[in-house]
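J.: Right, I'll just put the structure down here and ask away after.
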Amino acid sequence: MKLAFSTDLLPENAILIACSSHEVRCRGMLLNLGNWKPQSAVLFHYDDTNPRREKNHKLMEEDLRKAGICTTGLQFTESNAVKSLHDNMKQLREVLPPGSNCNVVFDISVFTKRHLLMMLRWLDDEGLWDRLTLVYSEPEDYDVSSFIPLSFGLSSLQQIPGFSACADLSRPLHLVLFLGYEGDRAMAVYEHVQPMRATLVIPHPPYKPMWAGRTEELNADLLTVVDSKCVVKVDAIDPEATQLALSRILGPGNKRSEEASIICPLGTKPQMVGIYNYIRSSADPSAVIYASPLRHNHDFFSHGLGPTWILKRGK
C-alpha cells in the first residue's frame, strides 16, 4: 500500500509515535496535522550529539504543544539498541497498555532501520498490528555523490534481535541485499557474509524519476561482482511490492527452503516495512542483519521535505 497522506485516512482514538532527527523531514507529518489530533504522542530522541537534531527536536515538541497534544519523551541509544528498547518498554506500555483499544499512528520517517524493525516487532507482539497505521515522509533530496557518502566504514555486522535465524551448514546461504546510497557499506556486507548466492535489490522506480540510476552508480563495484541475472528492481515506496519480490526471490515462505537466507536492508524505509510483512508471514523466516557504520555523515545526508505517504492502515 502507498497512499498519499491525508488526515482523513488517519484513525481516531490514536497514539502517535514519532522521532526527531537532523533531517528536516522528521517534522513532515506534524506540519500537516490539520484538525486531526491524537490522544497523546511518544517522541523518541536519539542521544548522540547533533545540533541539528536538537533544534528539530525542540521544534517538534513545540509543534505538539501548540496542537495541545500531551507528549511522552523517550531517549534512545542506537549504539546499545537492544537495552535501550527494553528500557523504554515500561513507558511504552503505560502509553499503550496491553488490551487497550487504542490505534497507533507510527511515523517511521527517520527511525534507524534496526530501531524501526524492533519497534514493528514489539508493536506486533503487543497485539497492535491490526490497529497500526504507518506514515512516511520522503526528503526533498539526498546530499550524496561519489565523493560525499551517507556513511563511513563498517564497524560491525549483527543479527537484529527478533529477526535471528541459524544459517545452518546443511543449507547454502543466500544473501538478499537491498541497496541504497552506501556502496562501500554494501560491498563490506557482501565480503563479510560470503554467501553462496546473492540477490541485489535496487529501488526502482525511485522516489523521483531524476534519481534513476543513482543507486547503480553508487554500487558500481558490487554490481560488477554479482551476476546481472541476480539483480532485481523493486518499487522504492510500496511495501507490498517488496513483500511480493521476496516471495519470488526466496519462495512464498510457507515451507522450509532449500537455502538459508539473510536479508540486509540498506534500501528505503518503505522496503523495510515490506521485509517485515514477508518475515512475519514466513514459516522459515530469514535472518535480518544490521550493518553498523563507523559513523553517519550528518553534515551531508538529506535536505528538505518531500511527499508524505501512508504505507499501512489499521483496520
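J.: Using the Cα centre as the reference, give the magnitude of the dipole from point charges on the C-beta atoms of the chain (Lys, Arg: +1; Asp, Glu: -1; all else neutral), rounded to the nearest 20 debye.
T.: So the magnitude is around 540 debye.
J.: Once the Cα atoms of helix 239-250 and of the chain are each reduced to a long axis, what angle between those two axes, in degrees from 0 to 90 to the nearest 10, is obtained?
T.: Compared with the principal axis, the helix lies near 20 degrees.
J.: Set the bar at 24 Å for Cα to Cα. Now go through LYS37/LYS315; LYS2/LYS229; LYS208/LYS269; LYS113/LYS208 and name every pair that lies beyond it.
T.: Details: LYS37/LYS315 19 Å; LYS2/LYS229 28 Å; LYS208/LYS269 15 Å; LYS113/LYS208 21 Å.
Result: LYS2/LYS229 exceed 24 Å.
J.: Which percent, nearest 5, of DSSP beta bridges in segment 151-296 are antiparallel?
T.: Values: 6 of 23 bridges.
Of those bridges, close to 25 percent are antiparallel.
J.: Count the DSSP beta bridges whose two residues both fall in the chain, then state the antiparallel fraction as a percent rounded to the nearest 5.
T.: On the way: 15 of 52 bridges.
Antiparallel: roughly 30 percent of the beta bridges in the chain.
J.: Among LEU175, LEU246, LEU31, which one moves the most in a GNM of the chain with springs linking Cα atoms closer than 10 Å?
T.: LEU31
J.: Relative to the first principal axis of the alpha-carbon coordinates of the chain, what is the inclination of helix 269-280, with its axis defined by its Cα atoms, in degrees from 0 to 90 and to the nearest 10?
T.: So the inclination is approximately 70 degrees.
J.: Same structure, new question: Through the Karplus equation 6.51 cos²θ - 1.76 cosθ + 1.60, θ set to phi - 60°, convert the phi angles of segment 105-112 into ³J(HN,Hα) values in whole Hz; use x for Gly and Pro.
T.: Those phi angles translate into 10, 10, 8, 8, 3, 10, 5, 5 Hz.
J.: Here is a further query. On a 0 to 90° scale, report how tilted helix 183-193 is relative to the longest principal axis of the chain, with both axes built from alpha carbons and the result rounded to the nearest 10.
T.: With both axes taken from Cα atoms, the answer is about 60 degrees.
J.: Given ASN35, LEU134, LEU223, which one lies farthest toward the positive end of the charge dipole of the chain, if we put +1 on the Cβ of every Lys and Arg and -1 on the Cβ of every Asp and Glu?
T.: Ranked along the dipole, the leading option is ASN35.
J.: Between ASN32 and SER170, what FRET efficiency follows from the Cβ-Cβ distance if R0 is 51 Å, with the result rounded to 0.05? Don't jump to the answer; show the numbers that get you there.
T.: On the way: r = 52 Å, r/R0 = 1.01.
With a Förster radius of 51 Å, E is 0.50.
J.: Please find, in a Gaussian network model of the chain (springs between Cα atoms separated by less than 10 Å), the residue of THR242, THR215, THR224 whose mean-square fluctuation is greatest.
T.: Checking each option, the largest mean-square fluctuation is seen for THR224.
Read-outs throughout are calculated quantities, based only on the coordinates presented, and are distinct from any laboratory measurement. None of the values given here were measured: they were computed from a predicted structure. Neighbour counts run over all protein chains shown; Cβ positions are idealised from the backbone, glycine included.
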